[in-house]
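Beneath this line is the structure, given in structure tokens, with notes to follow.
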Amino acid sequence: MRRIACLALPLLLAPAAAFAWGDDGHKLVLREAIRTLPPDVRRVYERKTRELDRLVVEPDHRSQVPAEGCKHWINIEKTAPDYLAQLDAALHREYGTEGWADEDARGVAAALDDRVFRADPPPWTAARVDPLWSALPPTLDAFRAAHGRLDVFIGTVVYQPLLYTRALARALARGDTRRALAYAGYLAHYTADLHVPVHVTANYRGQYSSHLLFEDRERGDPHCRFETGYLKADLARIVEAVKARRNRPVVLAPDRITPLVIEAARHAYDLAPRLLEIDRTAVARADPRRDWEGWLAAVTPAYRDLASAQLAAAADLLSSLLLTAAGTGLLEVAPASAKMGPSR
């Protein structure tokens, strides 16, 4: 998720930007995941709350760099073959065969997005989008083999949980607590991101469906209003609701992680039309620029139900990933004696 989206900057600068859950939501997901771990696994994270609170939001601080930013989301509609062909052609028209700077190429991608998705606003029907989810390659390597550098325009959040679960397992196996905390924080961040309904669609701000947009990082579009402004206002009730929805963690077979993650992202996508419609109905009743309390009243309790369900699901998945990373032999890891460079 990217803060730049909630500043409502021009799409030229951030064609696929997003800002998921805000700091409150990310911290909640990680704390809840840790709370339900067995005591022997939880021990490595206990009394590290302040450090973990910092680490779980750290990925947002570097998310304006395309190679990092694309880890936070996936625009599933951009995996459609005709869109990919148009994007590839547009990039080649602009840059030829010499390649491009990722930041500069955002402008080309944004212009194409505006043309394609304004005429055909996502989220799309299940009949159209389900084949795209089913066609996602099983690994990040396979995804890049299929799409090359286009990953910075499509997004790769569905592949990050496995990568960071494996990194966490390696750090734990080496007894490298400092890296383990960092990887746990990053794993928590990306796992939470993929559960945000507007993190898995190109219409992440409602910009292609005539939703109210204005310059405010907490209230300026449906994305910000849901996961930052609303969440902050209703946080105490959300925390209670999340705790009531939690399940116990389970050890996951490594080859099941990415399929489970894709299924979670797919479910989040199914919720995107509901999120956007709740916002549209609420804005018609109370303009958040002038009557924030009225807008909050209009979205509650519908947003509370949606947010608590997705935050609890994120915490459930994260707790299982943390438990899996702690298991001996569950992932291919370096031996405890392996030498590492200095931790940062």
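None of the figures in this text is laboratory data; all of them are computed from the coordinates on show. All values reported here derive from a predicted model rather than from experimental measurement. Because the Cβ atoms are built from the backbone with ideal geometry, glycine has one as well, and the counts that use them run over all protein chains shown.
Sorted ascending by nearby beta carbons within 10 Å, beginning with the fewest, K78, K48 become K48, K78.
Among the listed pairs K27/K48; K27/K243; K71/K243, which are separated by more than 24 Å between their Cα atoms? Listed pairs above 24 Å: K71/K243.
Ordering W124, W73 from the fewest to the most neighbouring beta carbons within 10 Å gives W124, W73. Spin-label model, R256 to T139: label points 7 Å out along the Cα-to-beta-carbon direction sit 2.0 nm apart. Legend: calculated FRET efficiency, H61 to F214, from the Cβ-Cβ distance at R0 = 22 Å, rounded to 0.05, equals 0.35.
Judged by the gyration tensor of its Cα atoms, with axes a ≥ b ≥ c, segment 236-297 is oblate; a/c meets the 1.5 cut and b/c is at least as large as a/b.
For V29, V242, what ranking results if the residue with the fewest other Cβ atoms within 10 Å of its Cβ goes first?
V242, V29
Indicate the gyration tensor shape class of segment 133-241 (rounded, prolate or oblate), computed on the Cα atoms with a ≥ b ≥ c the square roots of the eigenvalues: a/c under 1.5 is rounded; otherwise a/b larger than b/c is prolate and the rest oblate. Here segment 133-241 falls in the oblate category.
Does the chain come out rounded, prolate or oblate by the C-alpha gyration tensor, with a ≥ b ≥ c the root eigenvalues, rounded set by a/c under 1.5 and, if not, prolate when a/b is larger than b/c and oblate if not? Oblate is the answer for the chain, as a/c is 1.5 or above yet b/c matches or exceeds a/b.
Residues whose amide H falls under 5 Å from that of D291, counting only those 5 or more places apart or on a different chain, are absent, with hydrogens built in the peptide plane. Largest mean-square fluctuation among L321, L187, L52, in a Gaussian network model of the chain whose springs join Cα atoms under 10 Å apart, belongs to L52. Helical content alone sets the calculated 222 nm signal of the chain at -18000 deg cm²/dmol, taking -39,500 (n - 2.57) per DSSP H segment of four or more residues and averaging over every residue. Full extension of the chain segment joining L84 with E277 gains 66.6 nm, where the gain is 0.36 nm per residue of separation less the Cα-Cα distance.
Counting Lys and Arg as +1 and Asp and Glu as -1, what is the net charge of the other residues whose Cβ lies under 13 Å from the Cβ of H147?
Its environment carries a net charge of 0.
Once backbone amide H atoms are built at 1.01 Å from N, G220 has R225 as its partners under 5 Å, excluding neighbours fewer than 5 places away on the same chain.
Applying D = kT/(6 pi eta Rh) to segment 52-177, where Rh is the Kirkwood radius over alpha-carbon pairs, T corresponds to 10 °C and eta to 1.306 mPa s, the Stokes-Einstein value obtained is 97 µm²/s. Across segment 148-161, computed HN-Hα scalar couplings (Karplus, 6.51 cos²θ - 1.76 cosθ + 1.60, θ = phi - 60°) run x, 6, 5, 4, 6, 9, 8, x, 10, 4, 5, 9, 5, x Hz from first to last residue, x flagging Gly and Pro.
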